[in-house]
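The block underneath contains the structure these notes are about, expressed in structure tokens.
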Amino acid sequence: MKQTNIQKSKVKKVIIPAAGWGTRFLPMTKIIPKELVPILNRPSIDLLVDEAINSGIEEIILVISTRKQEIMKYFQPNIPLEEELKSKNKWELLKHVKKTNRDAVIRVVYQYEQLGLAHAILTAARFFKNEPFAVILGDDLIKSKIPVIKQMMNEYDKLGCSIIGVQNVEFDKLNKYGIVKPKNNNEKNNKLFEISGAIEKPSIQKAPSSKAILGRYIFNYSIVKFLEDLDYYNNNSGEINLVDCFDKYLKEEKIYAYEFDGKRYDLGSIEGFAMATIDYSLENKDISHTIKKHIMNLASEIYSETSLLDFNLNKNKGGK
Ligand code: UTP
């Protein structure tokens, strides 16, 4: 294996792939991109852009399809709306609207065919010069004190190697994720460990660890060559995955897994969206009081329903 070249450059760019069809959210995604579905009053993609900017990223590249142009519009100024708010002295609202005008740091790259995540990353990364870059996936919204990409950038600054964000997932969900294989099995519980591979959606019995890849990556530019070598059109056995290039890449470079700190919501699923909405409501000072009251009322209703249910079940079993 080649000696890992510690690249001195800092991570300044992030790719946010957002060109997928979003079939799990049909029928809504027939007309509205999944990334524009709000968590309270902000599209979920806006929260990811926050993570990038709060991590010190200077340039954000959104990979979108031609059907999803509305995503870009969200980040561009809406002058008539701003004028309207000004004329009505709605300064607070104007502040919120202006906050979304982040076009200086946001660019769009079109992925014309939806050939999967690896292809989406390649579509943006092939325009980079020899520089490391981060990837944030919209399906994984992560609430944390230190933005997850920042946590990983700190590790990257020390290592200079590609890093994949992971967290433990429940045993029965291992077959839903890409699972990393620790190079040294006795390091698998470390916060940071080198990997010797990763398997996409392994059977639970074959999962090489309990650490799932959860939507955050930092790659050295050297990965681009391996992404280019994947045969995106020869996908008889299903979609070409990002991990499909890892085996070859690992022969030349090291990859580390980093267990990030943060609470993750699976926005790719409807229940994940619902949970994120509840948690963000409870943190929003304007509405948290009302929401808490609502949840407490619901909890007592659920409690009395379930105790009644328990009671009936016990009765049927012959209990008293
Ligand atoms: P998913 O595999 O979750 O696909 O993509 P999806 O299309 O978003 O959703 P479902 O599975 O049909 O419900 C993971 C990420 O990669 C992006 C998606 O937008 C999502 O952020 N992606 C996927 C692309 O950018 N291009 C693709 O060709 C596929």
- Message: Among the listed residues Lys13, Lys73, Lys95, Lys86, identify the single one that is more than 14 Å from the ligand (Cβ to nearest atom), loosely packed, with under 15 Cβ neighbours inside 10 Å, within 25 Å of the chain's Cα centre (by Cα) and basic (Lys, Arg).
- Response: Lys73
- Check whether at least one residue in the stretch 239-262 is in contact with a Cys (Cβ under 9 Å, 6 or more places away or on another chain), hydroxyl-bearing (Ser, Thr, Tyr) and outside any helix (DSSP H, G or I), and report yes or no. yes
- Could you pull out the residue among Tyr232, Tyr265, Tyr280, Tyr221 that is in contact with a helix residue (DSSP H, G or I) (Cβ under 7 Å, 6 or more places away or on another chain) and under 28 Å from Ile57 (Cα atoms)? Tyr265
- Residues of the stretch 212-244 satisfying the condition of being in contact (Cβ under 8 Å) with a residue 60 or more places away in the chain, touching a Lys or Arg at 6+ places or on another chain (Cβ under 9 Å) and not aliphatic (A, V, I, L, M): Gly215, Tyr221, Glu228, Asn241
- Note on the structure: Taking the stretch 32-68 and the residues there that are surrounded by 18 or more Cβ atoms within 10 Å (Cβ to Cβ) and part of a strand (DSSP E or B), the one that is nearest to the ligand (Cβ to nearest atom) would be Val63
- Note on the structure: If you go through Asn130, Asn154, the only one that is without any contact (Cβ under 8 Å) to a residue 12 or more places away in the chain, within 20 Å of Glu253 (Cβ to Cβ) and not acidic (Asp, Glu) is Asn154
- Query: Among the listed residues Thr23, Thr4, Thr29, which satisfies the condition of being away from the ligand (no atom under 15 Å from the Cβ) and at pLDDT below 95?
  - Reply: Thr4
- Message: Please go through (1) part of a helix (DSSP H, G or I); (2) in contact (Cβ under 8 Å) with a residue 12 or more places away in the chain for Pro80 and return the number of the only condition it doesn't satisfy.
- Response: (2)
- Note on the structure: Checked the stretch 125-136 for anything surrounded by fewer than 23 Cβ atoms within 10 Å (Cβ to Cβ) and over 16 Å from Cys245 (Cβ atoms); matches are Phe127, Phe128, Lys129, Asn130, Glu131
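The values are calculated or read from the model by the stated rules, or taken from the named source; none is laboratory data. Please read these numbers as outputs of a predicted model, since none were measured by experiment. Counting neighbours? That spans all protein chains shown, and the Cβs are built from the backbone with ideal geometry, glycine included.
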